[in-house]
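First comes the structure, then the notes that go with it.
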Amino acid sequence: MVVSDEVLRQIALCSVVSESLSVVGSSYLLLLILSLRLFKSFRIRMVMWLSVADLVAHVAVVYALGFTLPGNSVPKTSCVIAGVFQELSLTSYFMTSACISFILYCVIVRNMSHKSPKWFRATTFVIGILLVGALISLIAGLVLGYGQVGDWCWILTTNNVWFLYPLIWLCFSITTVMYILIVVHVKGHLTTSALLRENKSVNAVEKKQGTIRRVAAMLAPYPLITLVCWIPASINRFCLFAGYTVVPIYFLHAILSGAEGFLNAIVFTWINKAELVSQIRACRQKALKPIPVDVCDMEEEQEATDYELERKTDKRTEPESPLISPYDYE
């Protein structure tokens, strides 16, 4: 089935709307984390990096669609840069999502903390993700090149799907396996009766279960959002590869694949609403308090005031002297 240009234009319009919402959502999420200084938490740093990758990917797409929707072509150099950043950020986004599910597995099943072992750090995950993403983007550029493909800036071939979707499917598989292992472990080992059988006290059981609930509530939704948003895209790619075009799935692909940043922002705000409210109230209280003045500044101001007073006093008490001509010294 051949899709008309009008339908493709409508699909691109839906895509730019959802991508723009994700740009707003990811920007809001980053500003919230940075302004309230929430990035000290290991879990928040992973969410922050997820938002950075998502923001860069959607900005690249919106930039290209801003040229092509009015019927113009994207400048070649700008299109290449947008394609590179889109490939790098999308690969980073999916790998970050898989890493978050792996972190959940390590914390819940393996009982690991971000303080031990040494490699279990947000920085380690981010560096590894960037290296793999940069390698994939470089290989795609050297083999096929980047440029304008329809209304988008991406890899210059109809087979560009093979430089992104295998990674998506791999990340989906990792996420699914990690979640299955977590569910099985929670049902078999982390119930109250099971923990009590391990000779743990009631306080230790409640503490362990509370930690797991906090970690799961903070990180579990983001890989699930990725799965929900990109499953229609994967189905659509399979259909296109087989020579079929299913227009409703095409629209779902355009809408959902660009909406994960917006959904991430909503989920983050909802999960952390209590902490965010307390942080905002604390910031308001600090803003209402008088700003302390530095001691050095107070001393400088006092010295300047004293100097002005001395000058005024000297002018009042000092008798007026006659004008002296420079010729008097001759």
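The values are calculated or read from the model by the stated rules, or taken from the named source; none is laboratory data. In this text, all values refer to a predicted model and were calculated from it rather than measured experimentally. So basically every Cβ, Gly included, is an ideal-geometry build from the backbone, and we count neighbours across all protein chains shown. Just so you know, the surface numbers come from the protein's heavy atoms only, side chains and all, with ligands and any DNA or RNA stripped out. Shrake-Rupley method; radii C 1.70, N 1.55, O 1.52, S 1.80 Å.
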How much FRET efficiency would the formula 1/(1 + (r/R0)^6) give for Glu275 and Ser78, where r is the Cβ-Cβ distance and R0 is 35 Å, rounded to 0.05? 0.30
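How do 261-267, 90-96, 27-33 rank on mean C-beta neighbours within 10 Å, highest first?
Packing proxy ranking, top to bottom: 90-96, 261-267, 27-33.
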Rounded to the nearest 10 Å², what accessible area does His185 show when all protein chains are kept and the probe is 1.4 Å? 40
Quickly work out the Val247-to-Leu170 label distance, labels modelled 7 Å from Cα along the C-beta direction, and quote it in nm with one decimal. 3.7
7 Å from Cα along Cα→Cβ at both Arg37 and Ile180: what's the point-to-point distance in nm? 4.5
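Just to verify a number: FRET efficiency for Arg9 and Lys286, C-beta to C-beta distance, R0 = 51 Å, to 0.05? Working shown, then result.
Values: r = 50 Å, r/R0 = 0.99.
After rounding to 0.05, the efficiency reads 0.50.
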Trp49 accessible area, assembled protein chains, probe 1.4 Å, Å²: 40
Keeping all protein chains in the complex and leaving out DNA, RNA and ligands, what accessible area do you get for Arg214 with a 1.4 Å probe, in Å² to the nearest 10? 140
Please give the charge dipole size of the range 18-165, origin at the Cα centre, charges +1 on K and R Cβ atoms and -1 on D and E Cβ atoms. Round to the nearest 20 debye. 860
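For the peptides 17-23, 234-240, what is the packing order when you average, over each peptide's residues, the other Cβ atoms within 10 Å and list the highest mean first? Show your work: numbers first, answer last.
Details: 17-23: 21.4, 234-240: 17.0.
Ranking, from highest mean packing down: 17-23, 234-240.
Please work out how much length the chain gains when fully extended from Val24 to Leu144, using 0.36 nm per residue of separation minus the C-alpha to C-alpha distance, in nm with one decimal.
Working: separation 120, 0.36 × 120 = 43.20 nm, distance 3.19 nm.
My answer for the length gained is 40.0 nm.
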Using a 1.4 angstrom probe with every protein chain in place, what is the largest-first accessible-area order of Glu275, Glu6? Glu6, Glu275
